[in-house]
1. Counting only residues that are acidic (Asp, Glu) and exposed (fewer than 14 other Cβ atoms within 10 Å of the Cβ), which one in the stretch 176-205 is nearest to Lys61 (Cα to Cα)?
2. Yes or no: Lys48 surrounded by 12 or more Cβ atoms within 10 Å (Cβ to Cβ) and part of a loop (DSSP other than H, G, I, E, B)?
3. Kindly provide the set of residues from the stretch 125-170 that are free of Cβ contacts under 8 Å to residues at least 40 places away in the same chain, hydrophobic (A, V, I, L, M, F, W, C) and either buried (at least 20 other Cβ atoms within 10 Å of the Cβ) or under 20 Å from Val207 (Cα atoms) (or both), ordered by number.
4. What about Gly180, is it part of a loop (DSSP other than H, G, I, E, B) and more than 17 Å from His107 (Cα to Cα)?
5. Quick check: anything in the stretch 223-230 out of contact with any Leu (no Cβ under 7 Å at 6 or more places or on another chain), of a type outside the set (Lys, Arg), assigned to a helix (DSSP H, G or I) and in contact (Cβ under 8 Å) with a residue 12 or more places away in the chain?
6. Which count do you get for residues in the stretch 22-34 that are in a loop (DSSP other than H, G, I, E, B) and crowded, with 20+ Cβ neighbours inside 10 Å?
7. What do you reckon, is Lys53 crowded, with 19+ Cβ neighbours inside 10 Å and within 18 Å of Leu19 (Cβ to Cβ)?
8. Kindly list the number of the only condition in (1) crowded, with 17+ Cβ neighbours inside 10 Å; (2) closer than 30 Å to Ile44 by Cβ; (3) among the β-branched types (Val, Ile, Thr) that fails for Val208.
Amino acid sequence: MNAWPSIQTVVYDGWIIRLANGYTKRANSINPIYPSKINLEEKIQHCKNLYAKYNLPVVYKLVKCDEHKTIDKKLEALNYEALDITSVQICDDIKILEENYPGINIHIDFNEKWINGFIKNNNIKGEFIETLKTMLKNITGNKIVVYKELNNEVAGCGYGVIENEYVGLFDIVIKEDKRGRGYGKEIVQSILSEAGKAGIKKSYLQVVNNNEIAKGLYKKIGYKEKYTYWYRKTPPS
């Protein structure tokens, strides 16, 4: 949550409700984290009303635990759609590169080139651009911002955030016509190497389960699955 901050956060009876103008499910989801006292049906209706106020679909982020199992069953009965099973993975053996890859640029904060490259390579719609920029500014942890440059063009980019002796990897994206050339691996290893130089030995990331190419890359680097989560989204109207 700190490394991919929402625009607004509401604490409601142990649930962390995140709002970011609809940009990404992770930043616009309900996260049941702490014990609750209010009736579940009442809470679900409260969240539905809140998201309706902002004209957003209702999204829950759930993991395998007893409390979430109850919520998941209730949402399933209400026809909330289950989607995007995601693997949270850990690497506990960060390696430092002997030298940087050609064309790799490393910074401690986001610059215009990284942001514009990310917007272009990720096909972000105009309505979400300012939201993205605000969310990036709201990251308080130490950042490792990396992009791969080819012929003065950003071929790929990503960033890491250091917190609690881990570096989290986020938004690793490669330009569509530049994929399959190993640039994603270069970006990931560059982020990890910089974190390693700062004394960080462990890393985490999140990857959608059906992204076999990314999962294969992360496995080669040394990541192993810790747990999975998934979303439940408002039923189609």
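The values are calculated or read from the model by the stated rules, or taken from the named source; none is laboratory data. Keep in mind the model is a prediction, meaning the values are calculated, not measured. Neighbour counts run over all protein chains shown; Cβ positions are idealised from the backbone, glycine included.
1. The selected residue is Glu176.
2. No.
3. Within the stretch 125-170, Leu136, Val145, Ile162, Leu169 meet the criteria.
4. Working: part of a loop (DSSP other than H, G, I, E, B): yes; more than 17 Å from His107 (Cα to Cα): yes.
Yes; evaluated as a whole, the condition is true for this residue.
5. Going residue by residue through the stretch 223-230, those that are out of contact with any Leu (no Cβ under 7 Å at 6 or more places or on another chain) are 224-228.
From what is left, the residues that are of a type outside the set (Lys, Arg) are 225, 227-228.
Still in the running and assigned to a helix (DSSP H, G or I): none.
The answer is no, given that none of the residues of the stretch 223-230 is out of contact with any Leu (no Cβ under 7 Å at 6 or more places or on another chain), of a type outside the set (Lys, Arg), assigned to a helix (DSSP H, G or I) and in contact (Cβ under 8 Å) with a residue 12 or more places away in the chain.
6. Total satisfying the criteria: 2.
7. Numbers: crowded, with 19+ Cβ neighbours inside 10 Å: no; within 18 Å of Leu19 (Cβ to Cβ): yes.
No: the conditions fail for Lys53.
8. Exception for Val208: condition (1).
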